[in-house]
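For reference, the structure is listed below as structure tokens.
The values are calculated or read from the model by the stated rules, or taken from the named source; none is laboratory data. Remember, it's a predicted structure, so these values are computed and weren't measured experimentally. As a convention, Cβ positions derive from the backbone with ideal geometry for all residues, glycine included, and neighbour counts pool all protein chains shown.
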Amino acid sequence: MPERQGIQKLLQELENQPGLDLRELANELSGFPPADIAYFFQIIPQDTALAIFRLLDPETAGLVLVEMEDEFQNDIINTLSIRKLADIVDTLEPDDAADIYNLLPHGLKIGILEGVNKDLAQDIRHLSRYGKETAGGIMTTNFIAVKTTDSVRDALDALREAEDLETDQIYVLDNHDQLVGVVSVAELLQEKNEHRLVGSIMDPQVISVPSNLDQEEVVQEASTYGLSTVPVVNKKNQLVGIITADDLDQVAEEEASEDMYRMAGTMSRHPTKKPIWTRVINRLPMLLVTILNGLLIAKLIGFLQMGDSPPDVPDLRFSALRYLPIVVALAGNIANIENAIVVRGIATSEIQ
């Protein structure tokens, strides 16, 4: 990847020039994609990464912050002033801003809401009410909705006024704000009669999900029906948000990794990025099961022990031999875990 080559060059400069001007380095980093800047911060010393991050402009810092793992996000949040953090959050999309907001201690949340614009603050309050791994927790409120009685011209005017729209779908509501259809931007542009009502050209068979649906089931729905964007509704079938393609892809990758790691016997979602003791604790359940099975086998072998030794003088060689299944089983279990972690880590670029 050309961008990663540039990142590697900056890394070499940082290592070979201890007195390198960090502000100049921050300016160079701003020209790279946010995902590559986040990668750069993960492979350099944390104190240096934090120092460079503070020098980024708010918009770049916000895009980079979204790309980082939760642990690094927390480290950064804890070192920033409320004013600086509010400036960064103010540049984010509502769903990303809500994710950062949910990581904050309660005392900082009020300061952030007061520091961002009123519309974004309202969106953050709305989105933060939903569970983290539900449809509501991963949706955004940045979408376009029109009424069935609006004209094609009205819909196109709404489209022109929209900022940073992440979908080509426009959703159609009735007079009670209930979701009743969907129309694509292409269909609106191809319609020659701009006075025609949207309700007459919309597709009434719109697939939606409830806001409390688990995110894994949302991905399954999107895959089943071939959706790139999924509308989210409340109990009254009123549109409250949409889940965009990038969020669907991220959830699909996370859930697939989680399932693979569970099959291998570790409960961690990103085991390659966890502290050593956290990794040990996550793997203990399956290892304990292996040990218990080995002890049971050893006990059975003990019952079947036969030999010429007196009852009160145990055969030490045989006593050691009956615990051999535990050693063999643990070795196999650990090998399976490490194999799954390495293979999945390489597939998802967690391991370079």
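Figures for the structure shown
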read-out	value
Selection count where residues are touching a helix residue (DSSP H, G or I) at 6+ places or on another chain (Cβ under 7 Å) and crowded, with 18+ Cβ neighbours inside 10 Å, scope the range 81-94	8
E253 vs. criteria part of a helix (DSSP H, G or I) and crowded, with 16+ Cβ neighbours inside 10 Å	no
Residue among D174, D214 that is surrounded by 14 or more Cβ atoms within 10 Å (Cβ to Cβ), of a type outside the set (V, I, T), on the phi < 0 side of the Ramachandran plot and over 23 Å from the mean Cα position of the chain (by Cα)	D174
All positions within the range 122-153 that are among the aromatic types (F, W, Y) and either touching a helix residue (DSSP H, G or I) at 6+ places or on another chain (Cβ under 8 Å) or on the phi > 0 side of the Ramachandran plot (or both)	Y130
Total residues in the range 9-43, condition in contact with a Leu (Cβ under 9 Å, 6 or more places away or on another chain), part of a helix (DSSP H, G or I) and not hydrophobic (A, V, I, L, M, F, W, C)	6
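For (1) within 17 Å of the chain's Cα centre (by Cα); (2) at pLDDT below 85, each residue gets a yes or a no:
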site: V66; (1), (2): yes, no
site: N78; (1), (2): no, yes
site: D95; (1), (2): yes, no
site: G111; (1), (2): no, no
site: R125; (1), (2): no, no
site: G136; (1), (2): yes, no
